[in-house]
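Take a look at the structure set out below.
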Amino acid sequence: MLRVDSYPTHEYEGMKLRPGHVLPFGATIVEGGVNFSISSSNATSCSLALFRRHEPEPYVVIPFNDGFRIGDVFAMIVYDLDYEDTEYGYIFDGPNDFTAGHWFDPTKILIDPYTKIISGRGVWGEGSQEDGELRPLRSRILQNDFDWQGDAPLETPFEDLVIYEMHVRGQTAHPSSGVKYPGTFAAVREKIPYLKDLGINAVELLPIYEFDEFENWRYSPDGSTKLMNYWGYSTVGFFAPKAGFAATGHLGMQADEFKTLVRDLHGNGLEVLLDVVFNHTAEGNENGPYISFRGIDNKTYYMLTPDGWYYNFSGTGNTLNCNNPVVRNMILDCLRYWASEYHIDGFRFDLASILGRDQTGAPMDSPPLLENLAFDPVLGKCKLIAEAWDAGGMYQVGTFPSWGRWCEWNGKYRDDVRRFLRGDPGMTWVTAQGMQGSPHIYDPRYRGNCASVNFITAHDGFTMMDLFTYNEKQNLANGEDNRDGSNDNYSWDCRVPGATEEETNALRRKMVKNALTILLTSLGVPMLLAGDEFGNSQRGNNNTYCQDNDISWLNWEDLERNRDIFEYAQKLIALRKSRRCLRSPSSDHGDTKNGYPPVSYHGVEPWKADMNGKMLGMMFCGDDDFVYVGMNMHWEGNDFGLPDLPGGFYWSMYVASDEAVTDKGDGAVYVTPRSTMIMTATKDPRP
Amino acid sequence: MEFVRSAGEKAVITLKGKLDYATAGNLMDELRTLEGTGIKRIDFECADLEYISSAGIRAMVYSKQKISRNAPVDVYVHQACKMVQDVFTATGLKDYFTFVE
Amino acid sequence: MIQRKEFYATFEAIAEMMDFVDGMTKDLPEKAIYDLRLASEEIVVNIVNYAYPTGDGRLAIAWNHDPESGTVIAEFEDSGVPFNPLGYPAPTLGVPIENRNIGGLGIMMVRKRMHDVRYRRAAGTNVLTIEYRS
C-alpha cells in the first residue's frame, strides 16, 4: 500500500527531502529513503553531511531547515539514497563557551550517537596515521535484515551459568589458534566446539562497541611494538559493533558477522554477555578530539564542573552524564537495541557505580538509570552485572542498588580466595562465605542466592598461572615504568624453600587447579578468564590494555602443554552442571530431606572448622546429592575426616589436584600439602 | 667491627653497620677475650652504628654483667644515633650504660 | 604491596628473611624501616630458636603494605610447637645466660614499636601479626 506521506516535499541541491520522523533516533531505512533523526538541547542549527564511501569531502551538506525540527529533535527523510555507498555525519552550530559547557564547532563533522555501524576502522590495525592519513570515523546506514532462523535469547537461569570472559581478538589472534580469520567474530565461531567441549555456557565479551584502536597509540619502550587500545574500554559508537573484529568489516558486514556468531553460540547452548562501557566515551578530557557527543551537545552528554571542566570519575578524562534524561534514554535505547536486534543475553557494566551518580557526580539513593534498567520490559530477562565501583572512589560491592535484578562482580571474593589459596592464615571464614555465595555481603533475603559473580581472575589483572608465578606485576612493556596496573594482587610465585625449578612449576600448575576447584564449586555464578583453563600466561603483565600481541593473545600451544589443567577444568564444570547443590542452595527451604544443612563447614575433623586456619572442608547437600570439597593450603599434609552420610550413601573421590591425595577408606582422606580434592556421594547401587 | 685494647685497663670497640642476630655473636666473642683481664672500662664508639636489635643489646649487657663479676667495669656508649638510643630507652637499659654524645 | 614468602626456619635463612623485609620496607620513612626491621628480626629469631625443637620447619611471612593509609600489616607464621609470645615469658631453661632473652627483651621491643601485635593459633600454625602505621 502506498503511504500518503512517502513522497518528497522539499528539494535541496538536487536532493529530495521531507520532514522526518523524530523517532526512532538515528538513520533508519524507510520507504523510498532514509530517515535521519538526532537531538541537541543547545544547538542553534544542524546539517547533515553525506559522503560517498571513502571520499574525504561530502557531496552534499543539507541543512535542517525550519519545519525539520520538533522540540530539540532534527528529523529529515532523504530520498533515493544509495545507502550502501553512503557515509554520513552531522554538523552542529551553537554557542562555543567553555565555562557554560558548550563546545559547538561548525567545522567538525560528527558521528551520529545512534549510528548502527561505523566506517574508518574496517580492518583491525589498518588505516593509521602511519599508513598515510588517519581514516575519519563516519556513520553508516545499516539494513537490519538478518535471518535469525528462529533464534532467541536463551534465558538460562542465572545460577546455571558458567561464564567465560573473552577478548574477541585475543582469543584467536595468535598464529597457534589455527583459525581461518584470526582475531575475528568469525574465528570465535570456529572455536565454538572448543568452548562446548570445555563446558562453559556463556561468553562475556570484552567491549565490542566500536572503538579506535589507534587512540593514544605509541611505541613500546624498546621501540619494537606498537601499543594500541587493545581492550577497547573507550566507546566511539554505542550502537555499532567493532568493524575491526569482523573478518568482513572492510565490507561493512560486521553486524551480520556478529549476529551469526550470536546465533550459533545460542544454537550450541552458549549465552552471550557484553561488557558495556557507559561511564565515559572516547572523547577524553579537555584536550581530546571531537568525535560525536562533544560537538552535538557537550553539556547534556558529559558531567561538567560548574566551571565547565570534565569530571573524571572514570579515570579516563570524562564521565558520561548517565542520569541526564537524554543520556539515560540513549543508554536504555542502546541496551534495548542490543537485546532485541542482536539477541544479547546480558550485560556487564564497566565501572557501574558511575551510573548511580547524579549530574553533579554525587551518589544517588535510587539512581533512575539503574532502576530503569532493572525494570525495563525489553531487558526483562537480561542478566545485569555491575562492576560495582568506579575510579572516583565509590566502592559498592555488596551495596549496589539491585532491585533484586542486579548482580555484581565480587571483588571481595577474588581477593579473599587469592589469599586463602596462597596460604595466608585466617582466610578460612571469608573463603567459606565466598563459597556459599557471599551471604555476609549479599543478604539472601534481598539479593537472592546469586548476587555474586565469583571470579579469581579477569582481564584486568594477572592470569591464573601468572597469579602463581609472580609476586609483582611486570608491566614495563606498557611504557609507564611499571606504575600502571594494580599493586594489590595477592599473588605468590610459589617458591618454597628447597624446591627445584621443576617442583616449583609443578606447584604452580597445582595451584591453578586448586583455584579452579574453589571457583567452580562456589555458589553464585563462576566466571573463568579465557585461557586460564590451559594455564595461559601474560608474562606477569597485569594490565594488558595496550598489548595487541602475544603478551595478551591466547597461546593455544599451552592447551597441549597443559592438557591436564584443561581436563581438570572440564571435569569441574561437568560436576557443577550435574550437581544441583553446587548451583542453587536450598537454604531458603531449610535442611535437606536427610536432615543436612545445604552448606556446611568442616576442618580436619568433620563439623569442626578452624576459621583461623588454612584447611577447610565445604559440604554441599541436596536431597540426594552430596559434594565435599577439601582444601589444604598448609605446607604440611593432613588427614581430612569426612562427614558421615545417611544410610546407603558412600563417599568416593571425584577429583584431586594432586595424585598423591589418598582416600584412606576409613572416612578419612590424606590431603597433601597445598592440594584440593572433591568427594561426591551417591547411593550405593548394590542391594 | 673494630676492637682496640689499650694498657690492660681500657678497651675501645668501634661498632659499624648493624649489630644484630648475625653480628652480635662476633661481638660476644671479642668480649669474651676480656674476661678476667682486669679491664676497668669499655668504650663503644657508635657513630657509624646504624642499627641494633635485642641480640646486639644482649651482647652489650653481657659485656657489663659478666666482665663485672670480679671487678666492676664502666661501659660508655659514644655518639649513638637517636634511633639506636631509642632502642636502649625502650628496653629500660639506657641507665645501665653511660651515654656520651 | 601484598606479598608472601616462605623460608626454612633456620639460622642460615634469617639473612634471606631480612632481605625480604628490607625489600618490603624500602620506600618507607627511615624510622619505619628501623622499627619494622627490628620487630621482624626479633620475631623470626624467636621462631628459628624455639619453634622446631626436633628438626627443620618452615616460616612464612605475609607482608601487606597499604601506601594510602601508610599501614603495614605483617604476619609471621610457623607450624612449630604452640607458643604465644605475648602470653608467657620466653622459655629460658637450659639456655646459657648470654643467649637468654633478658626479660623477654625481644618481644617487649616488638610490642613497644608496633601499634598492634596479635597472636593466634591457627589449625597447626602459630601466627603472629604486627601492625604499624607510619
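The values are calculated or read from the model by the stated rules, or taken from the named source; none is laboratory data. None of these values were measured; they are calculated from a predicted model. In this analysis, Cβ positions are derived from the backbone assuming ideal geometry, glycine residues included, and neighbour counts consider all displayed protein chains.
When you scan segment B:27-38, do you find a residue that is within 13 Å of another protein chain (Cβ to nearest Cβ) and within 25 Å of residue C:110 (Cα to Cα), even just one?
Taking every residue of segment B:27-38 in turn, at least one turns out to be within 13 Å of another protein chain (Cβ to nearest Cβ) and within 25 Å of residue C:110 (Cα to Cα).
Can you tell me which residue within segment B:1-26, out of those that are part of a helix (DSSP H, G or I) and within 11 Å of chain C (Cβ to nearest Cβ), is nearest to the chain's Cα centre (by Cα)?
Applying the filter and picking the extreme gives B:24.
So in segment A:375-393, with the set limited to residues that are crowded, with 17+ Cβ neighbours inside 10 Å and without any contact (Cβ under 8 Å) to a residue 60 or more places away in the chain, which one is nearest to residue A:152 (Cα to Cα)?
Filtering first and then ranking leaves A:379.
Return yes when residue B:71 is among the aliphatic types (A, V, I, L, M), touching a residue at least 24 places away in the same chain (Cβ under 8 Å) and either within 14 Å of chain C (Cβ to nearest Cβ) or in a strand (DSSP E or B) (or both) and no when it is not.
So residue B:71 fails the test.
Among the residues of segment B:76-85, are any of a type in the set (Ser, Thr, Tyr) and within 12 Å of chain C (Cβ to nearest Cβ)?
Within segment B:76-85, not a single residue is of a type in the set (Ser, Thr, Tyr) and within 12 Å of chain C (Cβ to nearest Cβ).
Which residues, taken from segment A:638-663, are within 14 Å of chain C (Cβ to nearest Cβ) and either within 39 Å of the chain's Cα centre (by Cα) or over 14 Å from residue A:677 (Cβ atoms) (or both)?
A:640, the sole residue that qualifies.
Suppose we filter segment B:32-58 for residues that are over 15 Å from residue B:77 (Cα atoms) and assigned to a helix (DSSP H, G or I); how many remain?
Counting residues in segment B:32-58 that are over 15 Å from residue B:77 (Cα atoms) and assigned to a helix (DSSP H, G or I) gives 3.
Being of a type in the set (Ser, Thr, Tyr) and closer than 30 Å to residue C:30 by Cα is the filter here; which residues of segment C:49-72 pass it?
Within segment C:49-72, C:69, C:71 meet the criteria.
Going by the structure shown, is residue A:344 hydrophobic (A, V, I, L, M, F, W, C), outside any loop (DSSP other than H, G, I, E, B) and more than 14 Å from chain C (Cβ to nearest Cβ)?
no
Could you identify the single residue in A:496, A:525 that is within 21 Å of residue C:62 (Cα to Cα) and either among the basic types (Lys, Arg) or in contact with a strand residue (DSSP E or B) (Cβ under 7 Å, 6 or more places away or on another chain) (or both)?
A:496
Where the second residue is in a helix (DSSP H, G or I) and of a type in the set (S, T, N, Q) and the first is without any contact (Cβ under 8 Å) to a residue 24 or more places away in the chain and lies in segment A:408-434, which pairs have Cβ atoms under 9 Å and are six or more apart or on separate chains?
Partner pairs satisfying both residue conditions: A:416/A:431; A:416/A:433.
Results for (1) touching a Leu at 6+ places or on another chain (Cβ under 9 Å); (2) within 21 Å of residue B:19 (Cβ to Cβ); (3) within 14 Å of chain A (Cβ to nearest Cβ), shown as yes or no for each residue.
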| residue | (1), (2), (3) |
| --- | --- |
| C:13 | yes, yes, yes |
| C:24 | yes, no, yes |
| C:28 | yes, no, no |
| C:59 | no, no, yes |
| C:65 | yes, no, yes |
| C:77 | yes, no, yes |
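Quick check on this structure: which one of A:487, A:549, A:542 is without any contact (Cβ under 8 Å) to a residue 40 or more places away in the chain, under 30 Å from residue A:234 (Cα atoms) and not in a helix (DSSP H, G or I)?
Within the list A:487, A:549, A:542, the selection yields A:487.
Would you kindly identify the helices (runs of 4 or more DSSP H) lying entirely within segment A:114-220 that contain at least 1 residues that are in contact with a Leu (Cβ under 9 Å, 6 or more places away or on another chain) and of a type in the set (Phe, Trp, Tyr)?
Per the criteria, A:185-190, A:192-198.
When the residues of segment C:38-57 are narrowed to those that are in a helix (DSSP H, G or I) and surrounded by fewer than 19 Cβ atoms within 10 Å (Cβ to Cβ), which ends up farthest from the other protein chains (Cβ to nearest Cβ)?
Going through the qualifying residues, I end up with C:50.
Show me the strands (runs of 3 or more DSSP E) entirely contained within segment A:7-63 in which 3 or more residues are of a type in the set (S, T, N, Q).
The qualifying strands (runs of 3 or more DSSP E) are A:33-39.
Can you name the condition, by its number, that residue A:362 falls short on among (1) of a type in the set (Gly, Ala, Ser); (2) in contact with a strand residue (DSSP E or B) (Cβ under 7 Å, 6 or more places away or on another chain); (3) over 30 Å from residue A:635 (Cα atoms); (4) at pLDDT below 95?
Answer for residue A:362: the failing condition is (2).
Is it true that residue B:56 is exposed (fewer than 15 other Cβ atoms within 10 Å of the Cβ), of a type in the set (Gly, Ala, Ser) and closer than 27 Å to residue C:13 by Cβ?
No.
So, residue C:71, is that one more than 11 Å from chain B (Cβ to nearest Cβ), at pLDDT below 85 and in contact with a Lys or Arg (Cβ under 8 Å, 6 or more places away or on another chain) or not?
No; evaluated as a whole, the condition is false for this residue.
Is it true that residue A:485 is touching a Lys or Arg at 6+ places or on another chain (Cβ under 8 Å), away from chain C (no Cβ under 14 Å) and farther than 25 Å from residue A:432 by Cα?
No, not satisfied.
Residues checked against (1) modelled with pLDDT under 95; (2) within 13 Å of chain C (Cβ to nearest Cβ); (3) under 20 Å from residue A:527 (Cα atoms); (4) surrounded by 15 or more Cβ atoms within 10 Å (Cβ to Cβ):
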position: A:463; (1), (2), (3), (4): no, no, yes, yes
position: A:468; (1), (2), (3), (4): no, yes, yes, yes
position: A:474; (1), (2), (3), (4): no, no, no, yes
position: A:479; (1), (2), (3), (4): yes, no, no, yes
position: A:494; (1), (2), (3), (4): no, yes, no, yes
position: A:508; (1), (2), (3), (4): no, no, no, yes
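Assess whether residue A:260 counts as being modelled with pLDDT of 95 or more and out of contact with any strand residue (DSSP E or B) (no Cβ under 9 Å at 6 or more places or on another chain).
yes
Would you mind finding the one in A:411, A:423 that is under 17 Å from residue A:491 (Cβ atoms), away from chain C (no Cβ under 14 Å) and touching an Asp or Glu at 6+ places or on another chain (Cβ under 9 Å)?
A:411
All but one of (1) in contact (Cβ under 8 Å) with a residue 24 or more places away in the chain; (2) loosely packed, with under 15 Cβ neighbours inside 10 Å hold for residue A:46, so report the exception by its number.
The failed condition is (2).
Between a first residue in segment C:110-134 that is farther than 14 Å from residue C:76 by Cβ and within 11 Å of chain A (Cβ to nearest Cβ) and a second residue that is among the basic types (Lys, Arg) and surrounded by 21 or more Cβ atoms within 10 Å (Cβ to Cβ), which pairs have beta carbons less than 9 Å apart while being 6 or more apart in sequence or on different chains?
C:123/A:614; C:124/A:614
Answer yes if at least one residue in segment A:670-678 is surrounded by fewer than 21 Cβ atoms within 10 Å (Cβ to Cβ), free of Cβ contacts under 8 Å to residues at least 60 places away in the same chain and outside any strand (DSSP E or B), and no otherwise.
Yes; the residues of segment A:670-678 include at least one that is surrounded by fewer than 21 Cβ atoms within 10 Å (Cβ to Cβ), free of Cβ contacts under 8 Å to residues at least 60 places away in the same chain and outside any strand (DSSP E or B).
Does residue A:438 fit the bill of being within 14 Å of chain C (Cβ to nearest Cβ), under 25 Å from the mean Cα position of the chain (by Cα) and more than 17 Å from residue A:200 (Cα to Cα)?
Considered against the rule, which asks whether it is within 14 Å of chain C (Cβ to nearest Cβ), under 25 Å from the mean Cα position of the chain (by Cα) and more than 17 Å from residue A:200 (Cα to Cα), residue A:438 comes out as no.
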